[in-house]
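Working notes, structure below.
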Amino acid sequence: MVSTINSTPKKDGFRMPGEYEQHEGTWMLWPTRTDTWRAGAKPAQKAYAEVAKAISQFEPVTVCVGREQFENARALLEDEIRVVEISSNDAWMRDIGPTFIKNDKGEVRGVDWAFNAWGGLDEGLYFPWNQDTLVKRKVLEIEKIDRYDASDIVLEGGAIAVDGEGTLITTEECILNKNRNPHLSKEDIEEKLSEYLSMDKIVWLKNGLLGDETDGHVDEVLFFVGPGEVAISWTDDPNHPQYQVLQTVYEQLINETDAKGRKFKIHKIHLPEQIKLSEEESKEIDFDVNSYERSSESTFIATYINCYLCNGAVIIPAFNDPQDEVAVEKFKEMFPDRKIVPVYTREVSVGGGNIHCITQQQPK
Ligand code: KQY
């Protein structure tokens, strides 16, 4: 039986591991929203299936899909990928799925945060999100993993980056946003992150990337390569819209230390050309008065930083851009012991995220 534990992970000796630690497997959802994804979500489904296939070469992958799409998903996904029926409103497992934590004995539990579709009725991305809020519990039920009820704080997995050794990096723009946790002070939030994930130091960046529909998720800005080592999105062009925000992040990080007192080693990963939908493509997206508008005027973020570390590999976004090759070489230098696997994910970008946002690791 799956229990809800009346304590906190920190008190019980559970911590959130770094993504680079060993995984039991990866969880994903299946994209179907026609007010987000163009052309009946078909191009997005193809991209998700390619990501799932790439990860499944290295560790087990489970894709959760609503009953209407079960057969279609089963047909499009490789045989070795497990497909289970779980309803959801959207398809970003990083944010909608549970955060897994573990103790020194290797026991795993899950944290069930509140979720409000990236801002609720105040600039959130759609309404309703009632099925999304149940996904964490359903995943934990399937795996028979006990849960902590963290519904006293709205948190998306893409809003935090952790090193597994007590350091968490996030942005004020997202977590302190009045559309997430207006009832909590910065100190309250630090306390909760520390209790639910066993963190000793929270590093607050001011902002995430400009124009990010999630209100500045940190997983478009940086990720932990290893303890004391981060990779950040980068541009040297002072006229680039993201130049200022990334300079500020860099300046802050070179003057920071992590929970163990280490200075950060920082790798700069240059951005590719940012993404636009053509007029025709944007017309393939269904209009819904409750949904975030995706027009040919909007710019969608493209960065290699929104990658995913799985057992023995890093799955990185590719955009058919000359920077793709440069990024692959940089990743090979950063991860000499992992395979670097690029997957073309432009269609995921135009939904507002990338490979990191659509995956969630379950630690070993
Ligand atoms: O973790 C992320 N950065 C999620 C992106 C969600 C976009 C919703 N349209």
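The values are calculated or read from the model by the stated rules, or taken from the named source; none is laboratory data. Quick caveat: nothing in here was measured; it's all calculated off a predicted structure. Neighbour counts run over all protein chains shown; Cβ positions are idealised from the backbone, glycine included. To get the accessible areas, we keep the full protein, side chains included, count just its heavy atoms, and leave off ligands, DNA and RNA. Shrake-Rupley method; radii C 1.70, N 1.55, O 1.52, S 1.80 Å.
At a glance:
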{"quantity": "Check on GLN244, open to solvent by 30 Å² or more (accessible area, probe 1.4 Å), touching a strand residue (DSSP E or B) at 6+ places or on another chain (Cβ under 7 Å) and either in a loop (DSSP other than H, G, I, E, B) or polar (S, T, N, Q) (or both)", "calculated": "no"}
{"quantity": "Elements of type strands (runs of 3 or more DSSP E) in the range 281-364, at least 3 residues being more than 16 Å from the ligand (Cβ to nearest atom)", "calculated": "313-318, 339-344"}
{"quantity": "Pairs with Cβ under 8 Å, 6+ apart, first in the range 48-70 and without any contact (Cβ under 8 Å) to a residue 60 or more places away in the chain and open to solvent by less than 10 Å² (accessible area, probe 1.4 Å), second among the hydroxyl-bearing types (Ser, Thr, Tyr) and in a helix (DSSP H, G or I)", "calculated": "VAL63/TYR48"}
{"quantity": "Residue that is farthest from GLY106 (Cα to Cα), among those in the range 1-27 that are open to solvent by 40 Å² or more (accessible area, probe 1.4 Å), part of a loop (DSSP other than H, G, I, E, B) and of a type in the set (S, T, N, Q)", "calculated": "ASN6"}
{"quantity": "Residue tally, condition surrounded by fewer than 23 Cβ atoms within 10 Å (Cβ to Cβ) and either among the hydrophobic types (A, V, I, L, M, F, W, C) or within 11 Å of the ligand (Cβ to nearest atom) (or both), over the range 148-159", "calculated": "1"}
{"quantity": "First in the range 115-127 and more than 16 Å from GLU173 (Cα to Cα), second anywhere and within 10 Å of the ligand (Cβ to nearest atom) and basic (Lys, Arg), Cβ under 8 Å, 6 or more apart", "calculated": "TYR126/ARG33"}
{"quantity": "Residue among LEU176, LEU77, LEU140, LEU134 that alone is open to solvent by 20 Å² or more (accessible area, probe 1.4 Å), aliphatic (A, V, I, L, M), more than 30 Å from LYS263 (Cα to Cα) and modelled with pLDDT of 95 or more", "calculated": "LEU134"}
{"quantity": "Looking only at the range 195-209, and only at residues there that are open to solvent by 10 Å² or more (accessible area, probe 1.4 Å) and touching an Asp or Glu at 6+ places or on another chain (Cβ under 7 Å), the one that is nearest to the ligand (Cβ to nearest atom)", "calculated": "ASN207"}
